[in-house]
Amino acid sequence: MMREVLRLENVAKSFGSVQALRDVSLTVNTGEVVALLGDNGAGKSTLIKAISGLHGIDRGRIIVDGKEVTIRNPRDAMNLGIETIHQDSSLAVDLSIARNLFLGREPVKAAFLGPLAPLDLPQLKRQASDLLRRVGIRKNLDADAPIKALSGGERQSIAISRAMQFFAKIIILDEPTNNLGVEETHGVLRFIKEVRDAGHSVIYITHNIHHVFQVADRIVVMRQGTVVADIKAEGTSILEVEAIITGADLHELEVDARRS
Ligand SMILES: Nc1ncnc2c1ncn2[C@@H]1O[C@H](COP(=O)(O)OP(=O)(O)OP(=O)(O)O)[C@@H](O)[C@H]1O
Ligand SMILES: [Mg+2]
């Protein structure tokens, strides 16, 4: 049974004179992948930054599991079961891969509790290696290596592994396959399906319309800070979705497609 897990009502957010979000309302259910689409500057990242505690909202309500919440910072979001992989990934570049994977939630040695408990480093490294395999990183990365020694795509994969392992109720991915190779991209799409099949929810932002049709149950399109369409993926087409994104007349696009 699907159940509503997240609802946004009339959310607005401005940066000075730029109204990034005008009046956004949106629901996300359990066991559902919602693709959030829209042209550059439509407000997608701003919306998910509001949900994940990176910036506040000027107006509107955020409701998680039926209760209105205030999300002041990333920790509030995490405590509500919301994990986000941002477009500009937020890894600590001087720390090791293993430390980044568990940042803030490192396994500590049994028999110790509290913030000063010593880290269980061998355990940390073992868990890190398992995770890297799961996201499809074939190359043998040393979990002790610092993030700054990795390529952009490898860093992105690490950020994704991080979200995978906490298996949050709601996982938000902001253009997660940018910079990724073929194998890693498949790893991400597989992960999205796994999360959904386990009854969790995913908000997936991408400009790759083919990926959308591989994993999304519902497609939400934003334009200029508002939601202009909210449709089932089944029963729509790439052409139709592209027309909604750009605001083009679908009939004209169909004529163009027939000509070419
Ligand atoms: N911190 C900020 N300060 C000022 N303006 C901002 C800020 N963040 C976003 N904006 C503006 O808000 C609008 C929406 O930006 P946002 O990053 O949400 O777009 P997006 O849909 O994620 O686009 P893209 O597909 O390019 O990532 C843009 O006009 C952008 O310039
Ligand atoms: Mg963005």
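The values are calculated or read from the model by the stated rules, or taken from the named source; none is laboratory data. In this text, all values refer to a predicted model and were calculated from it rather than measured experimentally. Every residue, glycine as well, gets a Cβ built from its backbone with ideal geometry; the counts of neighbours run over all protein chains shown.
Of the numbered criteria (1) at pLDDT below 85; (2) buried (at least 20 other Cβ atoms within 10 Å of the Cβ); (3) not in a loop (DSSP other than H, G, I, E, B), the one Ile137 fails is (3). Residues of the range 58-72 that are assigned to a strand (DSSP E or B) and away from ligand 1 (no atom under 16 Å from the Cβ): Arg61, Ile62, Ile63, Val64, Lys67, Glu68, Val69. Considering the conditions (1) of a type outside the set (Lys, Arg); (2) modelled with pLDDT of 90 or more; (3) within 16 Å of ligand 1 (Cβ to nearest atom), Asp88 is excluded by exactly one of them, (2). Candidates in the range 237-260 are the residues that are exposed (fewer than 15 other Cβ atoms within 10 Å of the Cβ) and of a type in the set (Val, Ile, Thr); of these, the one that is modelled with the lowest pLDDT is Val255. Evaluated against (1) at pLDDT 95 or above; (2) within 16 Å of ligand 1 (Cβ to nearest atom); (3) under 14 Å from the mean Cα position of the chain (by Cα); (4) charged (D, E, K, R), Glu32 falls short on exactly one condition, (2). Output the residues belonging to the range 180-210 that are more than 12 Å from the chain's Cα centre (by Cα) and within 14 Å of ligand 1 (Cβ to nearest atom). Within the range 180-210, His207, Asn208, Ile209 qualify. Taking the criterion of being small (Gly, Ala, Ser), closer than 20 Å to Leu189 by Cβ and either surrounded by fewer than 16 Cβ atoms within 10 Å (Cβ to Cβ) or in contact with an Asp or Glu (Cβ under 8 Å, 6 or more places away or on another chain) (or both), no residue of the range 32-45 qualifies. Across the range 154-161, a minimum of one residue is classified as away from ligand 1 (no atom under 16 Å from the Cβ) and more than 16 Å from the chain's Cα centre (by Cα).
Within the span defined as the range 50-57, one or more residues are buried (at least 23 other Cβ atoms within 10 Å of the Cβ) and not in a loop (DSSP other than H, G, I, E, B).
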